RNA sequence: GCCCCCAUCGUCUAGUGGCCUAGGAUGCAAGAUUCUCAGUCUUGAGACCGGGGUUCAAAUCCCCGUGGGGGUACCA
């Protein structure tokens, strides 16, 4: 009789929603789905100074944006709530008392100053032993009561065995063990009555029925503390798996100084959620067949701890950009329009430029730019010339290198005539042929002439194919722009 | 300082003792396509941290170095 698998992520609502949270959530969710288990979202807001409701809301928003849906959480409830630690204080206090009653924990009255001193002394000596000397361990009940009643501040500490070792088998790393003598008597309850991470975490995971704890590598050295706590309570601990830590290019733990870490940023830049998820999956995980592009369902299908790496992957935006471009190019025409429209409506100028166009033209324009952008946010800037009526020309661009201004002007004037007919662009090939004829007649190389036309029509030297672009604008606008360019040349 | 984790192309990785002359992807370079840019296609350069073992055989197992990272809080 197997217990239902239950996993969780437990972000702290401090600051922007972190890409590392999404990373860990992704693998937790994949594992849960793989085994028909449940995925819990728990908010760890025991740090009262830094936690904010705004930050909590952004966590929901970002995870939803990524479609990392949880089965239980503060916002949707569940059988083992509340799922916000600030609402569970009483629970932690009771459990700490239970530990004191059983003799597994004790009240400690040592001041931060004394602790500091102990730490410094030990560091200086270079010895390998625990920092806290356990002074208050031996306080009698009456002594402790006297101090308490005298108004002395206290914390609750766990009695960590002074011999033996605590170990476990990590699903991704194998056996890991620590000497108990090196582990400090952990603070369980702070002097403000709030639990530390360790206590809250263990109590919650147990009470919520968490069977597998999948978290980042930075928690490895906390694991023995947690194991000791489970044992102090007489509880069966969950199984642990420590995921590699995302890194900056200098291999240090990913940080916002050196990398964009806010999920909001990725959304604003126009990374597709499915592309970001795919990229995150690539960080430390690989498919049996080696493919790089795969969706969440494929990750679920092939998820296995043996396919997770132990080495911390460097977070490389270049590869994300490539991957995102691949996803953009794979989008169906109407879906691409939807994504671009939604993105423009939400970010940047908050104006959906595409809405000014006919449905058919929207699809055409989107399709023209899809292979040219890596992020949705690049579109409004790159396609701006489509939507504006006032282009400004740079003469040096209008006249390609080694071309004479006169010839260009003459060519443009001829081209202008071509677009006097409303259906001049009905047939791209015919229109292109006519322009080539003009180039030849005026004495310009076709390439140079097309470049001049491109600048005249778009104001820039890089654009989608000229005739496609002109067709989107229509004959009239095309002609007007060419005329404007001729004028601009005249003024030069 | 002490404890723990880790180590294959610049980067993400495949590799679980012989299929390895180390594979793929990205990035880079070159070429093709071409009205520019992008895309697409083709080609190229590019790695087993070092030293000892074990073995007929080691990128793969063991040990020692070295390097990197994380932890060492009344943060999480």
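Quick note: the coordinates plus some simple rules give every number you see, no bench work behind them. Please read these numbers as outputs of a predicted model, since none were measured by experiment. So basically every Cβ, Gly included, is an ideal-geometry build from the backbone, and we count neighbours across all protein chains shown.
Here are a few things to note about the model shown:
- The angle between the Cα long axis of helix A:333-346 and the longest principal axis of the Cα atoms of chain A comes to about 70 degrees, rounded to the nearest 10.
- C-alpha long axis of helix A:428-442 to longest principal axis of chain A, angle in °: 60 degrees
- Hull volume in cubic angstrom per residue (convex hull over the Cα atoms of the range A:40-160): 177 Å³
- Secondary structure note: in chain A, about 60% of the DSSP beta bridges are antiparallel.
- This ranking places A:165, A:420 by how few other beta-carbon atoms lie within 10 Å of each, fewest first, which gives A:420, A:165.
- Helix axis angle, A:405-418 relative to chain A longest principal axis, alpha carbon, degrees: 90 degrees
- A:172, A:300 arranged by Cβ crowding within 10 Å, fewest neighbours leading: A:300, A:172
- Per-q log10 I(q)/I(0), the range A:373-492, q = 0.09, 0.13, 0.19, 0.23 Å⁻¹ (Debye; single scatterer per alpha-carbon; no solvent): -0.22, -0.46, -0.98, -1.40
- Per residue, the convex hull spanned by the Cα atoms of the range A:16-79 measures out at 91 cubic angstrom.
- Taking a point 7 Å from the Cα of residue A:491 along the Cα-to-Cβ direction, the residues of the range A:396-432 with backbone N closer than 17 Å to it are A:396-399, A:409.
- Per residue of chain A, the DSSP helices (runs of n ≥ 4 H) give a summed -39500 (n - 2.57) that works out to -14000 deg cm²/dmol at 222 nm.
- Using a Förster distance of 45 Å, the FRET efficiency for residue A:293-residue A:87 (Cβ separation, nearest 0.05): 0.60
- Förster radius 51 Å - calculated FRET efficiency between residue A:181 and residue A:329 (Cβ-Cβ, nearest 0.05): 0.30
- Inter-site label distance for residue A:387 and residue A:265 at 7 Å from Cα along Cβ, in nm: 2.5 nm
- Two-decimal Rg/Rh across chain A, once Rg and the Kirkwood Rh are taken from alpha-carbon atoms: 1.17
- Packing here is the average count of other Cβ atoms within 10 Å per residue, and on that basis the peptides A:271-279, A:237-245, A:325-333, highest first, run A:271-279, A:237-245, A:325-333.
- Distance histogram for the range A:167-259 (every C-alpha pair counted, 5 angstrom bins, percent rounded to whole numbers): 3, 12, 20, 21, 19, 13, 9, 3, 1
- Intensity falloff of the range A:293-346 expressed as log10 I(q)/I(0), Debye formula with alpha-carbon point scatterers, at q = 0.13, 0.16, 0.26, 0.31 Å⁻¹: -0.54, -0.75, -1.09, -1.13
- For a paramagnetic label modelled on residue A:3 (point 7 Å from Cα along Cα→Cβ), amide N atoms under 20 Å away belong, within the range A:171-212, to A:171-172, A:198-212.
- Fewest-first ordering of A:304, A:47 by other beta carbons within 10 Å of each residue's beta carbon gives A:304, A:47.
- Between residue A:218 and residue A:304, the simple label model (points 7 Å from Cα in the Cβ direction) yields a spacing of 3.1 nm.
- Estimated distance in nm for a label pair at residue A:127 and residue A:57, the labels positioned 7 Å out from Cα along Cα-to-Cβ: 5.4 nm
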